[in-house]
Amino acid sequence: MLTCAEELLLLAHDEKSGQFANLQDLLMNTALAGAVLMDLALLDRVDTDVSSLVVLDRKPTGEKLLDFALNSIATLPAKTTTIDALDVLRKQGNEIERLAIAQLIGRGILKEEEGRFLWVFESHRYPLIDGKELQEVKRRIASLLLSDEIPDPRDIVIIALAQSCGLLRRVFSDSELRSMQKRIDQIAKMDLIGQAMTDMMIELNAALTKLLPYG
Amino acid sequence: MDITEQKAEGATVLQFSGRLDGTNSAAADTKLADAVSRSPTLVLDLTALDYISSAGLRVLLKAAKQAQTAKQKLLLAGLQPSVKQVFEISGFSTLFATFPNRDAALASLK
């Protein structure tokens, strides 16, 4: 089974260019931090409530990406806050992305192609091998949002993640999104890590806007 | 955390007490999945449940999904203020039929 971070990257993948959606690094890193934290929660390595996060078990998960995340938050006190854990992981966003891409390549979902940009700069493309995993993620999201079905915990996570960084636009048209907004909000708020991540993104966005001239 | 099972008014009642969190969610998950599989109507009496974490919410979510798939009834009763607050923040209150206490939940079945 793919990790939530891998599913998030797949949703951000642009099939034409073989690259990932051009999201601001800060926001993508926050979403990836949320994704790995949610993965650790689904594996009962961490638990959260409305104000705190507890590391329950430091035993390796067997996934390089998630063990990296688990080690990264090991420096925090055993009982900390979700925001503090997200902050630690957000700063490791580039490495989390690299490891998630490596896992997708290792699973035979992406392949890596090297090339040159302007004949000088090294560039990497990651074309999908057959795209069926991406179609499966999109199918799960659509089937849940278009029904009254009770979501399972993994589906809540992917909807919270995709909603937080605008990736649902890659699955649905603007008018479809408008008609499903109530259902999206209902599902996305069911994950407490997702709520903390969204709050953090709103703050980061506000800070970024202030930095922009005339923002 | 402790879960005890009783029968009342043709329903199965699971009474939770203590804290439902990541330290006991696996055991609660097993117990609840078993109860849902053999009870057309299940009442979860949460009057003595003091605390619920994300892991605990996932246990209830899975049970609700299992009950929905099997077209069975799953009712929640006696949510304490701290648990109710988590339900409201996470929107879980929209997923379940909730009642102030066990008697009210059982009366709704008549």
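Rule-based calculations on the coordinates, nothing more; no lab input. Computed from a predicted structure; not experimentally measured. Don't worry about glycine lacking a Cβ; one is built from the backbone with ideal geometry, like all the others, and counts go over all protein chains shown.
At-a-glance table
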item	result
Charged-residue dipole, Cβ positions (Lys, Arg, Asp, Glu), the protein assembly as shown about Cα centre, Debye nearest 20	560
Residues A:Leu168, B:Leu20, A:Leu146 arranged by fewest to most Cβ contacts within 10 Å	A:Leu146, A:Leu168, B:Leu20
Out-of-range pairs (alpha-carbon distance over 20 Å; input B:Lys7/B:Lys31; A:Lys64/A:Lys91; A:Lys59/B:Lys62; A:Lys79/B:Lys31; A:Lys189/B:Lys65; A:Lys59/A:Lys132)	A:Lys59/B:Lys62; A:Lys79/B:Lys31; A:Lys59/A:Lys132
DSSP-loop trypsin sites (Lys or Arg not before Pro) across segment A:111-208, with at most 15 other Cβ within 10 angstrom	A:Lys111
Under the span-like rule (Cα at least 18 Å along the axis, Kyte-Doolittle mean at least 0.5), DSSP H helices of chain A	A:25-42, A:192-211
Cβ-based net charge around A:Leu146, under 10 Å, with every Lys or Arg adding one and every Asp or Glu removing one	-2
Peptide ranges B:70-82, B:36-48 listed from the most packed, as the mean C-beta count within 10 angstrom indicates	B:36-48, B:70-82
Positive-end residue of A:Ala78, A:Ala31, A:Ala41, charge dipole of segment A:27-141 with Cβ unit charges	A:Ala31
Charge dipole of the protein assembly as shown about the Cα centre (unit charges at C-beta), most positive-ward option of B:Val86, A:Leu204, B:Pro40	B:Pro40
Value of relative contact order over segment A:4-209, rounded to a whole percent, pairs C-alpha under 8 Å and six or more apart	27
Rounded to the nearest 20 debye, dipole of segment A:126-206 from Cβ charges on Lys, Arg, Asp, Glu	200
Counted charge near B:Ser93, where neighbours are those whose Cβ lies closer than 13 Å (Asp, Glu -1; Lys, Arg +1)	+1
